[in-house]
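The values are calculated or read from the model by the stated rules, or taken from the named source; none is laboratory data. Note that the coordinates shown come from a computational prediction; the quantities given were computed from them, not determined experimentally. Here Cβ is always computed from backbone atoms with ideal geometry, including for glycine, and neighbour counts include all displayed protein chains. For accessibility, only protein heavy atoms count, side chains too; no ligands or nucleic acids. Shrake-Rupley method; radii C 1.70, N 1.55, O 1.52, S 1.80 Å.
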Amino acid sequence: MILVTGATGNIGSALLKELHARGAGPVRGLTRDAARAAFPEGTEAVEGDLAEPASLKPALTGVRSLFLVSRLGADAGILEAARKAGVEHVVLVSSITVQTHPHLGPAGENLAVEELLKESGMAWTILRPTQFASNALMWAASIRGRETVRAPYAETALPTIHPADVASVARVALTEPGHHGRTYALTGPEPVTARQQVEAIAAVLGREVPFAEISRRQARAQMVAVFGPEAADAVLDVTGGDVNPELLRVRDTVSRVTGAPARPFRRWAAENADAFRRTAGA
Ligand SMILES: NC(=O)c1ccc[n+]([C@@H]2O[C@H](COP(=O)([O-])OP(=O)(O)OC[C@H]3O[C@@H](n4cnc5c(N)ncnc54)[C@H](OP(=O)(O)O)[C@@H]3O)[C@@H](O)[C@H]2O)c1
């Protein structure tokens with residue numbers, strides 16, 4: 001049995017689809033609200049709260065492999081509950097910032113989870129993805145409302161990754177031999193700027209989407225209200241304010257592990273065009 005956490009999210013939902021399509025055997029998806037989860041046929045929806053590891057007991061029963069998205073809950077307690085339940089292998093989603101920006105708070109937290117996993121006695125595979133293509137969903141309301149998209153660091157080109165590629169690497173690590181004790185830094189196939197991302201969305205919508213670069217100070221003022229100051233500064237640093245060659249580097253890990261090329265941003269935009277379209281009557 002494989003248990004997928006974050007199963008209704010960007011990576012988890014893609015992973016459930018891929019495990020189903022490949023006939024990977026019994027799979028369970030964790031959610032806090034099974035009534036709202038639309039999982040592939042045959043995938044068991046199980047409720048549990050990652051913030052309360054004791055609530056995960058039913059979800060973990062009989063599980064041999066765990067796909068764990070880090071920092072959604074109480075990671076130390078989750079790993080302990082998994083070990084006690086007899087989980088043999090954990091595939092952990094961490095972040096590339098562990099190696100590109102280790103001084104930042106969120107990166108330090110991810111590194112701490114990686115270390116706990118390595119010390120847990122369970123086999124492990126660590127995925128360190130770079131920034132997700134799905135972060136562009138933060139512009140969806142503005143684009144649907146025909147407003148100008150405003151973003152800082154408009155010309156910084158990062159090798160943004162399609163979350164389905166993180167899922168594909170996870171699927172291989174969960175179901176094929178040879179991936180225990182491996183740490184994979186994951187990127188998309190090419191660097192893409194914020195301006196180019198908006199252009200790609202405009203192309204699939206078949207209309208102009210106005211874009212304006214804003215200063216870090218302007219962006220920070222909006223982000224602090226949502227994430228708090230430390231996380232806002234960390235996001236601004238890793239998306240343009242303090243980039244370095246390690247962060248900018250395109251890697252071939254996705255194609256090496258999965259055998260398929262990593263998906264470009266424009267593919268993510270095409271697959272998710274509806275999120276940027278006004279619904280009828282709206
Ligand atoms: N965004 C990036 O650029 C980036 C880059 C590197 C690494 N990462 C890492 O990627 C992860 C996010 O992945 P994602 O985009 O696939 O996630 P996501 O789309 O934000 O979805 C998160 C999922 O987690 C579930 N969840 C949240 N809190 C929970 C809780 N207390 N108990 C149980 N489930 C809970 C939610 O499911 P329910 O609502 O159904 O319970 C939701 O489906 C984070 O660990 C982040 O650090 C992100």
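Structure notes:
- Here Glu18, Glu41 are screened, and the one residue that is more than 13 Å from the ligand (Cβ to nearest atom), under 20 Å from Thr175 (Cβ atoms) and loosely packed, with under 14 Cβ neighbours inside 10 Å is Glu41.
- Which numbered condition Phe67 fails, given (1) open to solvent by less than 10 Å² (accessible area, probe 1.4 Å); (2) of a type in the set (Phe, Trp, Tyr); (3) out of contact with any Ser or Thr (no Cβ under 7 Å at 6 or more places or on another chain): (3)
- Leu137 satisfies every condition listed in (1) without any contact (Cβ under 8 Å) to a residue 60 or more places away in the chain; (2) of a type outside the set (Val, Ile, Thr); (3) open to solvent by 10 Å² or more (accessible area, probe 1.4 Å) except (1).
- The set of residues in segment 223-233 that are surrounded by fewer than 14 Cβ atoms within 10 Å (Cβ to Cβ) and part of a helix (DSSP H, G or I) comprises Ala225, Val226, Pro229, Glu230.
- From Arg64, Arg36, residue being modelled with pLDDT of 95 or more and basic (Lys, Arg): Arg64
- With a requirement of 2 or more residues that are among the basic types (Lys, Arg) and away from the ligand (no atom under 13 Å from the Cβ), the helices (runs of 4 or more DSSP H) lying completely within segment 53-136 that satisfy it span 75-85.
- Scanning segment 21-34 for residues that are within 10 Å of the ligand (Cβ to nearest atom) and among the aliphatic types (A, V, I, L, M) returns Leu30, Ala34.
Residues are listed down the side, and each one gets a yes or a no for (1) free of Cβ contacts under 8 Å to residues at least 12 places away in the same chain; (2) on the phi > 0 side of the Ramachandran plot; (3) open to solvent by 30 Å² or more (accessible area, probe 1.4 Å); (4) not charged (D, E, K, R):
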site: Asp165; (1), (2), (3), (4): no, no, no, no
site: Glu176; (1), (2), (3), (4): yes, no, yes, no
site: His179; (1), (2), (3), (4): no, no, no, yes
site: Ile201; (1), (2), (3), (4): no, no, no, yes
site: Val235; (1), (2), (3), (4): no, no, yes, yes
site: Gly241; (1), (2), (3), (4): no, no, yes, yes
site: Arg256; (1), (2), (3), (4): yes, no, yes, no
